[in-house]
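One structure below.
Nothing in this text is a laboratory measurement; each read-out follows from the coordinates by a stated rule. Here the structure is a predicted model, which is why all the values come from computation and not from measurement. No Cβ is skipped: glycine too gets one built from the backbone with ideal geometry, and neighbour counts run over all protein chains shown.
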Amino acid sequence: MTKFGLVLKSTGSFYQVIDEDGKVFRCRTKGKMRTLNKDTTNPVSVGDRVVFEKEGDVDEGMISEVLERKNYIIRKSVNLSRQAQILAVNMDLALVVATPVYPRTSTGFIDRFWLLPKRIIFLQE
């Protein structure tokens, strides 16, 4: 049975997806999805709207398609490859909560965050 859902959590090769009825499924991706976009390390990210197939009577599924993204935050992959890592997609708001004294928040971190809107790539408005 084909369903539409929203990715809530990403853990390794498994994704927590909530469907239109509010039911949560443990999903994985089809093998071919890993090879579709070699520019990024992860084919599915938190915030993605996806199409998935429910598997049997259990709350598990197989993600078959990622729908178009509104925007996303991306960073260079930490493993020194040419790939990028998508951190989150389809965001409406991003906030910084920081403490000035204990624990001390690096001002460099806050500066990088203020530059963040320049890193958000908007695919459509």
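A few notes on this one:
- Sorting the segments 51-58, 93-100 by their residues' average number of neighbouring beta-carbon atoms within 10 angstrom, most packed first, yields 51-58, 93-100.
- Between T11 and A84, the modelled label-to-label distance comes to 2.9 nm, taking each label 7 Å out from Cα in the direction of the beta carbon.
- Nearest-0.05 FRET efficiency for K23 and K76, computed from C-beta distance (R0 22 Å): 0.05
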